[in-house]
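Some notes on the structure that comes next.
The values are calculated or read from the model by the stated rules, or taken from the named source; none is laboratory data. What you are looking at is a predicted structure, and each value in this text was computed from that prediction instead of being measured. Here Cβ is always computed from backbone atoms with ideal geometry, including for glycine, and neighbour counts include all displayed protein chains. Surface areas here come from the heavy atoms of the whole protein model, side chains and all, with no ligands, DNA or RNA. Shrake-Rupley method; radii C 1.70, N 1.55, O 1.52, S 1.80 Å.
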Amino acid sequence: MPIITRNPLLRSTRLKLALLLLPAAATAASPSWMTAHDAEIQQVIGKMTLAEKAGQMTQPDLGSIKDFDDVKTLFLGSVLSGGGSDPKSGNSLASWSATYQDCQKRALQTRMAIPLLYGIDAVHGHNNVLGSVIFPHNIGLGCSRNPDLIEEVTRVTSREIRATGIQWTFAPCVTVPQDIRWGRTYEGFSEDPAVVASLGAAAVRGLQGTDLSDKTAVAGCAKHFIGDGGTTYGTASQDGWLDQGDTQIDEATLRAVHMAGYPPAIDAGVATIMPSYSSWNGVKCSGNKYLLTDVLKKELGFEGFIISDYNAIDQIIGPAKGASAVASNNAAGQVTTADYKKCIEISINAGMDMVMVTDRYKEFISSLQDLVNEGKIPMSRIDDAVTRILRVKFACGMLNGKANLTPDAELQKEFGSAEHRAVARKAVAETLVLLKNNEHLLPLSTSTGHIQVAGHAADDIGVQCGGWTIDWQGKPGLVTPGGTTILTGIKKSVSPETKVTFSKDGSGAKGANVGILVVSEAPYAEMKGDRSELSLSKEDTAAFKELKSAGMKVVVVVLSGRPIILGEVAEKADAIVAAWLPGTEGAGVADVLFGSLPFTGKLSFTWPRSMDQVPLAKIKDGDALFPLGFGLNP
C-alpha cells in the first residue's frame, strides 16, 4: 500500500507491532462496569423464554413498526430511528420525547419489564431534531487534533440526546477513509489512524461520561468494524462505487490502518460496536466470525454488545458485488425467506448480538427461534448475546432503578441553548484550516469598507450542515431554529460602517474592497455520496471568475465533506479556507475570518491537485496540493 510510505504513523513499526501483537489485556483493559452485574443478569436470563430472548436481540426501525403494541407483544429490546425516521407527530423536541416514552411504556408492560434501548444516528449533534445544535462533521473536528474539544462537543450532544429520553447513539464513527470518493469520508476524523484513535476515544468519553447511569450519559457505538474506509473502487454492493464494497487488503494492513480506533474506544468503555456493511476480501463483516468473535470479543476483550447496521445481515449470502449482494433476491428486491433465515444463522453464530431490521422484524424473531429449536444456533450463543445486551442496560441504570426512564425537564431547558451553541461555535473555529493567504489577506479587518459575499452556500444552513441533518441525505435550504448562516455571521462580525452585499453568482461586486466566495458540495450521505468526480461546480467556478473580474482580492471558503479539486481557484484565489461542514453555527467561520479567533486547524486529509491523485495512495511524497497536517498561521 503506497499510503504506508506516505503516512508517518504507518511508517512506525512500533505502532504496527503494538496493534498486531499486544495481548488483549494490554490492548484494551476491560471496563469494570461491563461485567459488574453478570450474576444478576444470569438470574434474569434464567427466567426468560426463548421468545423473550429473541425479542431482546431485535431492533426494528420506528418507521417500520405498524403497531406500537409490538414492542410489548414481541418483547422488543430496542427501537431505532434511522435517517429520516421521525415521529409521526412531527420533528420537535416534544414529539421525540413523546415517542420515546410511548415505546418505553410498552416495554415496561412486558412480563419481565425490561426497559427498551432507543437508538439514533446522532453523529454531529442530535441531528434528527429541529432546533438542536448541529456540530461540525468529524472530518472537520479531526483538523482540531484536540481530544478535549471532541469530549466537550460530545458531552453537549449527549445532553441534547437525553433531553428527548433517548439513551443510545450510533457514534462515534472511527473509520479511517483512504479514498475520498467515498460518500462517508466526512464521518471519519482523518486518514491518519493515530488521529482517529485519539479523537474516537475522546468522543466515547464525552458521550458516556464516567457513569452510564447518569442522566446526561448516552451509550456510544464505535463503527463500522472493520475496514469500511478501505473499500476498493468498483466493488460496492449498492449503487455507488465504494459504499458497502470490499476491502481487499492483507490482515496486517487491516489491523495497522483500520483497527486503530477500536482498542482505544474499548478501553474508554464503549458500550456497543457496529460491524460494517462492507466485506473484507469477499466476506461480509456482518457474518465474519473471525472478526466479530475471535478478534473483537476475544482478542480485543470487548464485553458490550454488537449491533448490526440497517438490514445489513440481508447481504451476507451472495457475492460482494451486486444489486443487494444476495444472489437469490425476489422480485421486490428482498432476500428470499430461506436465504434470510440462513443470513440470520450465519450472522448470529458469527457473534452478532442485536440485529437492526425494518419491516421483517417479526420474521427475524420467528426465524431466530426456529434456528435455535433446529439446533443450528446454540442456546449458549443466544444467552451470550442477551447477557451482553443486559450488561449495557444495567450499566445505563435501566434494570436497577438508577435511571429515570422519562425525559429530564432540566435537560429539555438546555436543548438548543445559547450555551450549547457557544460550544459549537468554538468547535467550528478550531476546524478551519488556512490553506492559502497571499500577502496576509486574512484575517480581514472588521472595518473593511465594502465586502461582497457570494456563493449559494453562503446563506444556506442546510448546505453548511451537510448530510445526516434532519433528513438522512441532508437538505439544501433547510431552516432550523437557532442556526446562523455564514453570511449572517459575517454581517454580525463587521463594524456598523462596513457595507456587506451578497449575490449567489458574484454579480454586483464592482466597487467592493474584498470578496468572500463560499463554494460547496451539495449535501449527501452514504450510498448517494459516492462520486467519481470531485471538482468544483460550474456555478461556483463562474462566481469566482465574476468576483475576480471586478478587480478585487477574493477569499474562497470551501464547504465540503472531503478535499475537493479546486482547479484554477487554487492558483488564482488570494486566500483559501477549508471550512468543511461546520453545522448550524456559521458565525464560527466569521470569527476566524475576521481574527476574533486564530487559525489553528491542520488538515486531517491530504488535499490532492487533481483526480489523477485519487485515491490518496497515488500521491507521492511532496506532490499533494496540500499535505496531511498542513495549515497556515497568518
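Some observations on this one:
- Filtered residue count, region 332-365, keeping only those that are hydroxyl-bearing (Ser, Thr, Tyr) and either outside any helix (DSSP H, G or I) or open to solvent by 60 Å² or more (accessible area, probe 1.4 Å) (or both): 3
- Any hit, region 154-171, residues being under 25 Å from Ile565 (Cα atoms) and out of contact with any Asp or Glu (no Cβ under 7 Å at 6 or more places or on another chain): no
- Number of residues in region 50-65 that are touching a Phe, Trp or Tyr at 6+ places or on another chain (Cβ under 8 Å) and open to solvent by 20 Å² or more (accessible area, probe 1.4 Å): the value is 1.
- Of residues in region 294-310 being hydrophobic (A, V, I, L, M, F, W, C) and within 22 Å of the chain's Cα centre (by Cα), the one nearest to Gly82 (Cα to Cα): Ile307
- Residue check for Val270: part of a loop (DSSP other than H, G, I, E, B), at pLDDT 95 or above, buried (at least 24 other Cβ atoms within 10 Å of the Cβ) and within 21 Å of the chain's Cα centre (by Cα): yes
- Scanning region 397-416 for residues that are surrounded by 15 or more Cβ atoms within 10 Å (Cβ to Cβ) and part of a loop (DSSP other than H, G, I, E, B) returns Gly397, Met398, Leu399, Lys402, Ala403, Leu405, Pro407, Asp408, Phe415, Gly416.
- In region 502-559, the residue that is surrounded by the fewest Cβ atoms within 10 Å (Cβ to Cβ) out of those that are within 26 Å of Ile180 (Cβ to Cβ) and among the aromatic types (Phe, Trp, Tyr) is Tyr524.
- Filter pass, Asp246 being of a type in the set (D, E, K, R), farther than 14 Å from Thr154 by Cα and touching a residue at least 24 places away in the same chain (Cβ under 8 Å): yes
- Pairs, first within 19 Å of Ser495 (Cβ to Cβ) and in contact (Cβ under 8 Å) with a residue 40 or more places away in the chain in region 585-603, second of a type in the set (Gly, Ala, Ser) and surrounded by fewer than 19 Cβ atoms within 10 Å (Cβ to Cβ), C-beta under 7 Å, six or more apart: none
- Matching residues in region 467-490 - criterion: being under 22 Å from Leu517 (Cα atoms) and either surrounded by fewer than 18 Cβ atoms within 10 Å (Cβ to Cβ) or hydrophobic (A, V, I, L, M, F, W, C) (or both): Pro476, Gly477, Leu478, Val479, Ile486, Leu487, Thr488, Ile490
- Test for Leu207: is it at pLDDT 95 or above, under 14 Å from Leu141 (Cβ atoms) and out of contact with any strand residue (DSSP E or B) (no Cβ under 8 Å at 6 or more places or on another chain): no
- Residue match in region 377-396 (condition: among the charged types (D, E, K, R), surrounded by fewer than 19 Cβ atoms within 10 Å (Cβ to Cβ), modelled with pLDDT under 95 and under 30 Å from Lys47 (Cβ atoms)): no
- Flag for Asp309 being open to solvent by 40 Å² or more (accessible area, probe 1.4 Å), modelled with pLDDT of 95 or more and under 27 Å from Leu117 (Cα atoms): no
- Residues located in region 66-106, provided they are touching a residue at least 60 places away in the same chain (Cβ under 8 Å), open to solvent by less than 60 Å² (accessible area, probe 1.4 Å) and under 19 Å from Asn128 (Cα atoms): Ser78, Leu80, Gly82, Gly83, Gly84, Asn91, Leu93, Trp96, Ser97, Tyr100
- With a requirement of 1 or more residues that are within 30 Å of Ile120 (Cα to Cα), the strands (runs of 3 or more DSSP E) lying completely within region 463-572 that satisfy it span 514-520, 553-559.
- Of residues in region 601-612 being open to solvent by 10 Å² or more (accessible area, probe 1.4 Å) and in contact with a strand residue (DSSP E or B) (Cβ under 9 Å, 6 or more places away or on another chain), the one farthest from Thr232 (Cα to Cα): Lys602
- Whichever residue in region 185-211 is open to solvent by 10 Å² or more (accessible area, probe 1.4 Å) and part of a loop (DSSP other than H, G, I, E, B) and, among such residues, is farthest from Ile166 (Cα to Cα): Asp192
- Selection within region 425-450 - part of a helix (DSSP H, G or I) and surrounded by fewer than 16 Cβ atoms within 10 Å (Cβ to Cβ): Asn438, Glu439, His440
- Every residue from region 124-178 that is under 21 Å from Gly83 (Cα atoms), open to solvent by 10 Å² or more (accessible area, probe 1.4 Å), out of contact with any Gly (no Cβ under 9 Å at 6 or more places or on another chain) and part of a loop (DSSP other than H, G, I, E, B): none
- Region 60-96: number of residues that are over 21 Å from Trp468 (Cβ atoms) and part of a helix (DSSP H, G or I): 5
- Region 606-616, residues that are in a loop (DSSP other than H, G, I, E, B) and either hydroxyl-bearing (Ser, Thr, Tyr) or closer than 11 Å to Ile564 by Cβ (or both): Thr606, Pro608, Ser610, Val614
- Inter-residue pairs, beta-carbon under 9 Å, first more than 29 Å from Leu117 (Cβ to Cβ) and in region 220-234, second open to solvent by 10 Å² or more (accessible area, probe 1.4 Å) and among the small types (Gly, Ala, Ser), 6+ apart: Tyr233/Ser532
- A single member of Gly583, Gly595 is open to solvent by 10 Å² or more (accessible area, probe 1.4 Å) and on the phi > 0 side of the Ramachandran plot, and it is Gly595.
- Selection status of Gly125, under 29 Å from Phe189 (Cα atoms), touching a residue at least 12 places away in the same chain (Cβ under 8 Å) and touching a strand residue (DSSP E or B) at 6+ places or on another chain (Cβ under 9 Å): yes
- Options Thr216, Thr253; residue that is among the β-branched types (Val, Ile, Thr) and either in a strand (DSSP E or B) or under 26 Å from Ile161 (Cα atoms) (or both): Thr216
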